[in-house]
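Engineer: My questions all concern the structure below.
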Amino acid sequence: MEGHDLLEKSTTNALGEALRLLREAQKLLDAPERFTKGAWGRDKNDEPVPAESPQARKWCVAGAVLCAEARLHGTPALSRTAANDTAPWREHGPKRVETALALLALPALRVYAYLYRDELERAMEAGAGRAREEGTSATTTEIAAAVNDDERIAWEHIAVVFEFAIVATQAELRKRRQAKPDRPRKGGAR
């Protein structure tokens, strides 16, 4: 599922859980010195560590989501030290992780397209190349990972991506609540 399809096809509960992950991940990346590239997480010596490691002090976008998952739900390690190794979370990760990452992918592509219109195709090819190496098809999540690792993307861009994803998800949840008819209370309403 991509972009708006994801918002429309996800259950309200799944979107609520993904929103909670996004908010927690956003807190982890609350300052430029907490953002990294090329690894799920990094320790105080800037060495790669799994995102969920207690030694992690910096995260890439996906690493922040995986760390948030571990902190909120106690999910066992889904990442390894190499940021391009997505097998653990893809094979064993909860749906809420996939949903949160997909919700971040579309705004990541939009930010990149705005900044580097002429080079969006290059980023898409990088994401597709990564998917070919893994024997899968390219999704916006892989393409967004290539955008995350682009040396010109800064923390400020990532902050915008998180804000956009959170606001879009909140708007969808609000729309659903307003469209849902009130249920009568147990025992009957008077």
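Engineer: What are the pairs with Cβ atoms under 8 angstrom where one residue, in the range 142-156, is under 15 Å from R110 (Cβ atoms) and the other, located anywhere, is modelled with pLDDT of 85 or more and among the β-branched types (V, I, T)? Sequence gap at least six, or different chains.
Structural biologist: What qualifies is A144/V61; V147/I153; N148/V61; N148/I158.
Engineer: Here's a follow-up. Looking at this structure, is I153 at pLDDT 65 or above, buried (at least 17 other Cβ atoms within 10 Å of the Cβ) and not in a helix (DSSP H, G or I)?
Structural biologist: It is true that I153 is at pLDDT 65 or above, buried (at least 17 other Cβ atoms within 10 Å of the Cβ) and not in a helix (DSSP H, G or I).
Engineer: So, one more: Anything in the range 97-132 that is at pLDDT below 80, among the hydroxyl-bearing types (S, T, Y) and assigned to a helix (DSSP H, G or I)? List them, or say none.
Structural biologist: Y112
Residue-by-condition table, conditions (1) of a type in the set (A, V, I, L, M, F, W, C); (2) in contact with a His (Cβ under 7 Å, 6 or more places away or on another chain); (3) buried (at least 16 other Cβ atoms within 10 Å of the Cβ):
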site	(1), (2), (3)
E17	no, no, yes
L22	yes, no, yes
F35	yes, no, yes
D43	no, no, no
P48	no, no, yes
A62	yes, no, yes
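The values are calculated or read from the model by the stated rules, or taken from the named source; none is laboratory data. Fair warning: this is a prediction, and the values are worked out from it, not measured in the lab. All Cβ positions, even for glycine, are placed from backbone atoms using ideal geometry, and neighbour counts span all protein chains on display.
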